[in-house]
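Remarks on the structure that follows.
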Amino acid sequence: MEIKILWSDSALADLEEIFDYHKAKASPGIARNLVKSIIQKAQILESNPLLGVKEPLLSARAFEYRYLVEKNYKIIYRFNDNLIKVNTIFDCRQSPNKLESLKDK
């Protein structure tokens, strides 16, 4: 069976914010390359969905959340029924407590 990746609205908004921030602070090219590298990292999950490490800050949730790291960002996702749902892209330079606000959707 084919494994699909679904990006939540929140994760897409995160990518847009990352792009806008790096476009303003560095350059459009750097912003584009960073977002592209995050997306490419997530695509690895299609062939190995359990590759990511279990996210300990979300261990009490109904779903098992995992993450991959790309540069300064955690790609937070969950996997079940041949579907990978990327829930958020978390900037690791923030307080880890912000991760607790992640919604189970």
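Values in this text are rule-based calculations from the coordinates and carry no lab data. Computed from a predicted structure; not experimentally measured. Note that we place each Cβ from the backbone using ideal geometry, even for glycine, and neighbour counts take in every protein chain shown.
Pairs 25/74; 4/54; 25/85; 36/74: which exceed 18 Å Cα-Cα? Before the final figure, lay out each step's value.
Values: 25/74 20 Å; 4/54 20 Å; 25/85 29 Å; 36/74 14 Å.
Over 18 Å apart, Cα to Cα: 25/74; 4/54; 25/85.
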query = Using alpha carbon centroids, what distance separates the stretch 90-105 and the stretch 18-34, in Å?
reply = 22 Å
query = So how strong a dipole does the stretch 4-94 carry about its Cα centre when Lys and Arg Cβ are +1 and Asp and Glu Cβ are -1, to the nearest 20 debye?
reply = 240 debye
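Full-extension gain between residue 30 and residue 60, please, as 0.36 nm times their residue separation minus the C-alpha to C-alpha distance.
Working: separation 30, 0.36 × 30 = 10.80 nm, distance 3.64 nm.
Extra length from residue 30 to residue 60 when fully extended: 7.2 nm.
Under the classification rounded if a/c is under 1.5, otherwise prolate if a/b is larger than b/c and oblate if not, where does the chain fall, given a ≥ b ≥ c as square roots of the Cα gyration tensor eigenvalues? Don't skip to the end; give the middle numbers.
Working: a/c = 2.06, a/b = 1.36, b/c = 1.51.
Note, shape of the chain comes out oblate.
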query = Angle, helix 9-25 long axis vs. longest principal axis of the chain, Cα atoms, 0 to 90°, nearest 10?
reply = 20 degrees
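Looking at the chain, send over the antiparallel percent of its DSSP beta bridges, to the nearest 5. Kindly include the intermediate steps, with their values, before the conclusion.
On the way: 16 of 20 bridges.
Roughly 80 percent of the DSSP beta bridges within the chain come out antiparallel.
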message = Once you keep just the Cα pairs under 8 angstrom separated by 6 or more residues, what percentage relative contact order results for the stretch 4-94?
response = 32 percent
